[in-house]
Amino acid sequence: MEFQELDRDGHVVLAPHGRLNLVSAPPLRARIGDLIADGRTRIVVDLGAVESVDSSGLGALIGCLKAAREHGGDLRIAAAGEQVRAVLRLTNLDRILAPYDSAEEAGREW
Amino acid sequence: MSGDERYVLEGFAVPEELGRVHDLLGRVSADHPEVDPTDLMLFETAVMEIAGNVVEHGLPPGEVRWRLAVRVTGEQIEADLRDTGHEFSADFGKPMPGVDAESGRGLPLASAVLDQLELARVDEGNHWRLARHLRP
């Protein structure tokens with residue numbers, strides 16, 4: 001999966017597109033891992049162009065969220081579509097990964 | 001599965017084929033505007049989880065073949081997935097893992113959105129049956 005990356009003041013926005021699944025989740029996870037290792041621990045994942053996510057994609061997001069928090073940062077998700085919201089709800093992950101309406105809003109206080 | 005199987009896919013259960021599974025379900029959706037899009041979306045979510053499970057855990061890796069057939073009846077949307085992998089034992093009663101877990105959500109997620117999820121060992125292969133009732 002290719003994803004856009006925007007370096008904002010204080011945080012980084014990553015925008016994957018298509019399906020976030022067992023094929024595309026590992027490269028996204030690796031890139032976020034590199035960013036965190038470089039001290040860029042405030043991450044926004046803009047899901048506006050992601051049409052669906054599976055359990056592999058969820059696992060990657062949780063892994064990255066934990067890594068970011070362990071390094072003093074956080075991971076926020078934004079612009080989740082209907083399928084992503086449904087899956088977050090069904091897996092109870094909306095409790096720790098509540099989507100922001102937009103990437104701008106997610107990064108506003110960073 | 002009896003009746004007309006208008007949507008069938010055969011091939012190797014490898015990551016590159018997941019896109020074809022998605023495309024097949026896209027055709028089902030396009031041909032059935034009468035079906036609630038939410039039902040289709042949740043059913044597709046379950047099918048992609050089971051297909052992903054076969055791709056990820058099917059043995060021997062890269063050698064498992066599958067045949068997926070999808071059918072829409074008046075009452076439900078159903079999928080019949082047969083794979084040639086080693087016997088797979090699935091615990092469909094497993095609860096959804098805690099929020100910190102990085103894996104283990106696939107089967108609980110599929111179970112949560114289906115009315116029927118079964119796995120049987122038939123003719124040296126695994127036979128998965130998935131169905132979601134269509135709400136009137």
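Only the coordinates and a few stated rules stand behind these numbers; no lab work does. Remember, predicted model here, so these are calculated numbers, not experimental data. So basically every Cβ, Gly included, is an ideal-geometry build from the backbone, and we count neighbours across all protein chains shown.
Observations on the model:
- For A:Ser102, the residues whose amide H sits under 5 Å from its own are A:Ala79, ignoring neighbours fewer than 5 places away on the same chain, with H placed 1.01 Å from N.
- The HN-Hα couplings worked out from phi for region A:43-52 by the Karplus form 6.51 cos²θ - 1.76 cosθ + 1.60 (θ = phi - 60°) are 10, 10, 9, 7, 9, x, 9, 9, 7, 7 Hz, whole numbers, x standing for Gly and Pro.
- Take B:48-54, B:59-65, B:38-44, B:69-75 and order them by the average number of nearby Cβ atoms within 10 Å per residue, most first; the result is B:48-54, B:38-44, B:69-75, B:59-65.
- Stretch gain in nm, segment B:Ser89-B:Thr73, where the contour uses 0.36 nm per residue and the Cα spacing is subtracted: 2.9 nm
- Shielding by partners for peptide A:18-31, expressed as the average number of C-beta atoms from other protein chains within 10 Å of each residue's C-beta, is 2.
- In this structure, the amide hydrogen of B:Gly11, modeled 1.01 Å from its nitrogen in the peptide plane, lies closer than 5 angstrom to those of B:Trp66, counting only residues at least 5 positions away or on a different chain.
- Each residue in B:Trp128, A:Trp110 was given a count of other beta-carbon atoms within 10 angstrom of its own, and listing them fewest first yields A:Trp110, B:Trp128.
- Spin-label model, B:Gln116 to A:Ala37: label points 7 Å out along the Cα-to-beta-carbon direction sit 4.9 nm apart.
- In terms of other Cβ atoms within 10 Å, B:Arg20, A:Arg76 run from fewest to most in the order B:Arg20, A:Arg76.
- Legend: mean number of C-beta atoms from other chains within 10 angstrom of residue C-beta atoms, peptide B:100-107, equals 6.
- The simple spin-label model puts a point 7 Å past each Cα toward its Cβ; for A:His71 and B:Val14 those points are separated by 3.4 nm.
- Summary of packing: across the peptides B:110-121, A:40-51, the per-residue average of other C-beta atoms within 10 Å ranks them, highest first, as A:40-51, B:110-121.
- For B:Phe12, neighbours were defined as the other residues whose beta-carbon sits under 14 Å from its Cβ, and their charges (Lys and Arg +1, Asp and Glu -1) total -2.
- Cα-centred dipole magnitude for chain B, charges only on beta-carbon of K, R (+1) and D, E (-1), debye, nearest 20: 100
- Part-to-part distance (alpha-carbon centres) for region B:36-81 and region A:41-75, which is given in Å: 26
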